[in-house]
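The next block holds one structure in the form of structure tokens; read it before the comments.
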Amino acid sequence: MAKLILMDGNSIAFRAFYGLPLLTNKSGLHTNAVFGYARLLEKVIKEEDPDYFLVAFDAGKSTFRHKQYKEYKGGRQKTPPELGEQFAPIRQLIDAYGIKRFEHEDYEADDIIGTWTKLADEEGLETIVITGDKDLTQLASEKTKVYITKKGVTDIEVFTPEHLAEVYDGLQPLQIIDLKGLMGDKSDNIPGVPGVGEKTAVKLLKEYGSVENVLDNLDKVTAKKLNENLTNNRDIALMSKDLATIYRDMDFDFKIDDLKFKDEDRPEKYELFKDMEFNSLLDKMDEQEVEEVAEFTAKPTTSFKDFSDAVSVFLEVHGENYLKLQPEFIGISDEQFVMTKKVEDIDLEDFKEFLESRKTVKTYDLKRQVALLDHLDIKFDHFTDDIMLASFLINPSKKIIDVAETVADFNISINSDDFHYGKGRNKKDPSTEETIDFLSDKVQAIHQVADLMTEKLKKDEMYSLWHDLEIPLAKVLVQMELKGIKVQRERLEKMEVELQGQLDDIEEKIYELAGEKFNINSPKQLGVILFEKLELPVIKKTKTGYSTAVDVLEKLQDKHEIIDYILHYRTVSKLQSTYVIGLQDEVSEDGRIHTRFNQTLAQTGRLSSVEPNLQNIPIRLEEGRKIRQAFVPSKEENVLLGLDYSQIELRVLAAITKDESMMEAFNNDIDIHTKTAMEVYGVELDGVTPIMRRNAKAVNFGIVYGISDYGLSQNLGITRKEAAQFIDTYLSSFKDVKQFMHDVVQDAKRDGYVTTLLHRRRYLPDINSRNFNARSFAERTAMNSPIQGSAADIIKLAMVKYAESEKVKDFDVELLLQIHDELIFDIPKSQVEDFIPVITEIMEDALEIGVPLKVEAGYGKDWYEVK
């Protein structure tokens with residue numbers, strides 16, 4: 001029998017959001033609801049293998065039920081903005097799976113689902129309804145099962161008519177409508193009959209069958225107060241039943257065949273998972289097939305006499321780290337090319353002499369070209385234009401893919417329909433002539449677009465940001481990447497042994513407490529131990545057994561000693577596999593890790609560390625911090641030195657808002673969190689308690705990231721009402737911050753973008769959207785992007801000024817890493833004390849913003865000791 005899945009879109013979104021902790025991706029978008037949704041889709045598709053699939057959404061606040069009872073669904077708490085902003089990507093997710101979705105402004109998702117269960121019965125389909133709302137259990141039938149998600153999204157209770165009868169003492173599915181008519185429904189603000197709860201309602205329905213029959217037999221209801229309530233609320237009971245009744249006769253302009261579903265790894269899904277940073281889901285997808293680029297032979301050009309002044313060097317790769325590859329093609333100038341698979345085929349001296357004679361060199365991806373030339377032992381630093389960086393500044397929301405994609409916005413095309421490099425894009429084996437034409441197109445496109453981009457950057461006041469910051473920074477970054485940071489593999493290997501010993505000890509303790517050996521990594525075996533043998537209370541059950549997720553285990557911590565050991569085992573195990581072992585694979589032959597710094601990923605302008613990501617080494621756990629012990633200076637007499645901007649985003653907030661109270665704190669070197677606590681709680685300095693300061697710190701940083709009352713309530717463990725009051729008091733105390741938050745949103749609505757102190761733009765296409773959730777996310781982004789982006793620009797500026805400083809040349813120092821707001825240097829210990837004032841001055845004077853920038857320094861024999 002063919003199978004249809006009907007999913008309650010809004011209900012599942014709420015379940016996913018509240019069932020998972022808040023998560024964000026690099027762009028600041030909250031993603032926990034999207035992630036929970038994706039996990040449920042993966043589970044449902046795998047376990048149910050549907051032939052047809054539909055997700056139904058509520059379209060708006062007003063439906064035919066509101067016309068009948070205007071207070072319907074009244075009194076509900078406002079949707080947290082952290083959830084609201086996720087509805088758009090949830091819809092994108094559904095589309096990426098190739099699943100049909102539908103909504104109707106006059107009806108609710110329940111009505112859409114109800115109508116399709118009726119249609120599916122007529123088509124002879126097996127139907128599964130997935131929702132968090134028990135109202136839909138009225139749809140259960142011989143062919144329709146209703147899966148109710150509990151707490152999260154993967155713990156499911158299956159309602160059939162039989163199971164419903166067990167839960168509600170013999171009631172049938174359609175009697176759920178009568179149940180709601182009598183007892184009401186607080187979540188939907190359906191009034192029901194006062195004084196009638198579930199127990200009384202079930203008892204009445206068992207005896208009389210329906211609301212109407214109950215009302216027709218009031219003379220038999222002997223309980224005086226109950227009889228009085230039923231008599232006085234007859235119309236309300238009937239109306240409540242009507243409100244609770246799912247409408248099942250909607251008209252659709254699509255048929256069952258439009259709901260056909262095929263499980264496949266669609267490119268849209270892969271790209272969305274990448275955007276959302278759902279690495280665990282990406283790992284499960286089949287890797288896209290990478291076709292080998294055909295090998296070509298061409299006689300290398302060795303005469304560079306007639307080449308034009310526009311030079312572009314290319315290294316064509318397949319999404320891999322360019323530092324680890326041999327060069328394949330080198331394309332130069334407008335018309336002529338050096339093409340080779342062998343470095344020795346090139347007359348490097350002629351090539352070097354030619355390059356060094358150029359005064360203006362335009363390119364795409366400056367860092368990659370410098371790395372290639374370095375691989376050829378050619379030191380070249382004359383690149384003046386990088387259209388990849390220009391493209392990112394002009395449109396930071398557009399993915400950086402290749403030259404063709406970059407120049408397309410300026411109506412410049414590359415004849416590459418039949419010839420594509422890259423992952424899974426090689427459609428045929430092109431000839432040598434076609435290859436030359438393709439590379440020639442690329443170079444000419446760069447030459448043509450450079451002036452157009454320069455003009456656009458000047459018009460948008462970003463030319464200096466590009467020419468004086470991003471391009472010089474790229475030259476700094478590539479030297480950092482080529483240098484790398486020394487890593488003691490033996491220390492990681494030793495740590496691997498130590499952690500394995502720790503894991504073994506934890507294992508033995510778990511076995512001892514369990515009374516037997518079992519596979520700790522098996523949820524099924526662990527569930528049997530915890531909930532059958534040790535008889536711990538069952539928190540969640542899944543279709544395959546007991547849930548042993550982290551949130552479940554945390555609720556059991558006070559029930560048995562074994563729980564703490566299991567949680568610790570999982571933490572150490574992940575640390576072992578992901579970092580201690582994983583980083584060993586990243587150590588190159590030179591004994592160093594060469595991370596790559598991406599300038600074109602985060603729309604705020606922040607740098608990202610990739611392949612491997614050294615910004616994400618967990619340092620809150622001591623075991624995680626110890627991983628940094630393996631990162632050491634290049635020489636025994638050297639140390640690693642770290643300089644970290646202190647509270648830079650709050651200082652930028654003070655500078656942008658010009659809030660007198662905040663500026664006073666920073667200008668007089670008063671702790672900003674203490675100052676905030678004094679303002680919010682109305683106390684003097686000596687009256688600020690540690691808890692007050694902690695709460696003030698949470699709201700300070702929360703304001704920077706556009707926190708809502710819900711987000712703050714989660715951080716502080718208080719109610720949303722208390723959190724809202726806290727934020728209101730904060731904004732009343734810092735009136736200029738409040739004014740900035742209002743003004744920046746209004747400016748964004750007018751201009752369509754916001755800017756940093758250095759005029760970096762972030763466009764907000766949804767700032768005037770009629771969709772509340774999309775607009776709310778854009779407004780939050782408008783508030784925090786100027787702050788985060790300005791902070792990112794400041795540390796970038798410091799890196800460029802460090803590279804240009806004449807004073808720095810007196811020291812034998814190397815800049816190795818940029819980690820968030822911190823710079824890591826390799827320097828002889830004998831020079832540290834003299835160097836710290838020099839680099840501190842450079843960093844603190846990077847940009848005059850109206851309040852002092854402050855840098856804190858620390859050094860040691862390894863990265864662990866730096867702080």
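The values are calculated or read from the model by the stated rules, or taken from the named source; none is laboratory data. A quick note: this is a predicted structure, and the numbers were derived from the prediction, not measured. Cβ atoms come from the backbone with ideal geometry, glycine included; neighbour counts cover every protein chain shown.
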Filtering region 737-761 down to residues that are touching a residue at least 60 places away in the same chain (Cβ under 8 Å) and surrounded by fewer than 18 Cβ atoms within 10 Å (Cβ to Cβ) yields Q739, H759
All but one of (1) within 30 Å of P837 (Cα to Cα); (2) hydrophobic (A, V, I, L, M, F, W, C); (3) in a loop (DSSP other than H, G, I, E, B) hold for A602, so report the exception by its number. (1)
Is there a residue in region 82-98 that is free of Cβ contacts under 8 Å to residues at least 40 places away in the same chain, assigned to a loop (DSSP other than H, G, I, E, B) and in the same structural domain as G36 (by TED's automatic domain parsing)? no
Where E535 falls short, out of the listed (1) modelled with pLDDT under 95; (2) outside any helix (DSSP H, G or I); (3) within 30 Å of E636 (Cα to Cα): (3)
What are the residue pairs meeting all of these: first residue in region 689-703, first residue touching a residue at least 40 places away in the same chain (Cβ under 8 Å), second residue crowded, with 18+ Cβ neighbours inside 10 Å and charged (D, E, K, R), Cβ atoms under 8 Å, and 6 or more apart or on different chains? F701/E649
Subset of region 821-849 [touching a residue at least 60 places away in the same chain (Cβ under 8 Å), touching a Phe, Trp or Tyr at 6+ places or on another chain (Cβ under 9 Å) and outside any strand (DSSP E or B)]: D821, K829, V832, F835, I836, I839, M843
Within region 777-785, is there a residue that is at pLDDT 95 or above and under 30 Å from Q746 (Cα atoms)? no
If I go through region 92-142 residue by residue, how many of them are of a type in the set (K, R) and either surrounded by 24 or more Cβ atoms within 10 Å (Cβ to Cβ) or over 28 Å from the mean Cα position of the chain (by Cα) (or both)? 2
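Is it the case that L20 is at pLDDT 90 or above and either of a type in the set (A, V, I, L, M) or in the same structural domain as I113 (by TED's automatic domain parsing) (or both)?
Working: at pLDDT 90 or above: no; either of a type in the set (A, V, I, L, M) or in the same structural domain as I113 (by TED's automatic domain parsing) (or both): yes.
So L20 does not fit the description; no.
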Might you let me know whether region 734-743 holds any residue that is part of a helix (DSSP H, G or I), over 24 Å from L853 (Cβ atoms) and polar (S, T, N, Q)? no
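Yes or no, residue by residue, for (1) in contact (Cβ under 8 Å) with a residue 12 or more places away in the chain; (2) of a type in the set (V, I, T); (3) assigned by TED's automatic domain parsing to the domain that holds V580; (4) touching a Gly at 6+ places or on another chain (Cβ under 6 Å):
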| residue | (1), (2), (3), (4) |
| --- | --- |
| H447 | yes, no, no, no |
| P472 | yes, no, no, no |
| M480 | yes, no, no, no |
| E498 | no, no, yes, no |
| G501 | no, no, yes, no |
| D505 | no, no, yes, no |
| A514 | yes, no, yes, no |
| L526 | yes, no, yes, no |
Options V153, V158, V167: the member that is surrounded by 19 or more Cβ atoms within 10 Å (Cβ to Cβ) and not hydroxyl-bearing (S, T, Y): V153
Considering residues of region 197-223 that are aliphatic (A, V, I, L, M) and surrounded by 17 or more Cβ atoms within 10 Å (Cβ to Cβ) only, the residue farthest from L171 (Cα to Cα): V221
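Just wondering, is there one or more residues in region 622-634 that are among the basic types (K, R), crowded, with 18+ Cβ neighbours inside 10 Å and in contact (Cβ under 8 Å) with a residue 60 or more places away in the chain?
Of the residues in region 622-634, the ones among the basic types (K, R) are 625-626, 628.
Right, trim to crowded, with 18+ Cβ neighbours inside 10 Å and you get 626, 628.
After this cut, where a residue has to be in contact (Cβ under 8 Å) with a residue 60 or more places away in the chain as well, the list is 626, 628.
Checked against the condition, which is being among the basic types (K, R), crowded, with 18+ Cβ neighbours inside 10 Å and in contact (Cβ under 8 Å) with a residue 60 or more places away in the chain, region 622-634 yields at least one hit.
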Going by the structure shown, is S785 assigned to a helix (DSSP H, G or I), small (G, A, S) and either closer than 21 Å to K738 by Cβ or under 23 Å from the mean Cα position of the chain (by Cα) (or both)? yes
Kindly check whether there is at least one residue in region 57-64 that is part of a helix (DSSP H, G or I), more than 25 Å from the chain's Cα centre (by Cα) and not assigned by TED's automatic domain parsing to the domain that holds G545. yes
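Among K574, K517, K559, K524, which is the only one that is part of a loop (DSSP other than H, G, I, E, B) and modelled with pLDDT under 90? First the steps, then the outcome.
Numbers: K574 fails: part of a loop (DSSP other than H, G, I, E, B); K517 fails: modelled with pLDDT under 90; K524 fails: part of a loop (DSSP other than H, G, I, E, B).
When all the criteria are applied, what remains is K559.
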Result of the Cβ filter at 6 Å on region 1-28, keeping first residues that are over 29 Å from I113 (Cα atoms) and partners that are of a type in the set (A, V, I, L, M), at least 6 apart or interchain, is N25/M276; K26/A602
Which is hydrophobic (A, V, I, L, M, F, W, C), farther than 18 Å from Y705 by Cα and part of a loop (DSSP other than H, G, I, E, B), of I627, I619? I619
Checked region 44-65 for anything buried (at least 16 other Cβ atoms within 10 Å of the Cβ), of a type outside the set (K, R) and either closer than 30 Å to S713 by Cα or at pLDDT below 90 (or both); matches are F57, D58, A59, T63
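Quick one: is L40 of a type in the set (A, V, I, L, M, F, W, C) and at pLDDT below 90?
Numbers: of a type in the set (A, V, I, L, M, F, W, C): yes; at pLDDT below 90: no.
No.
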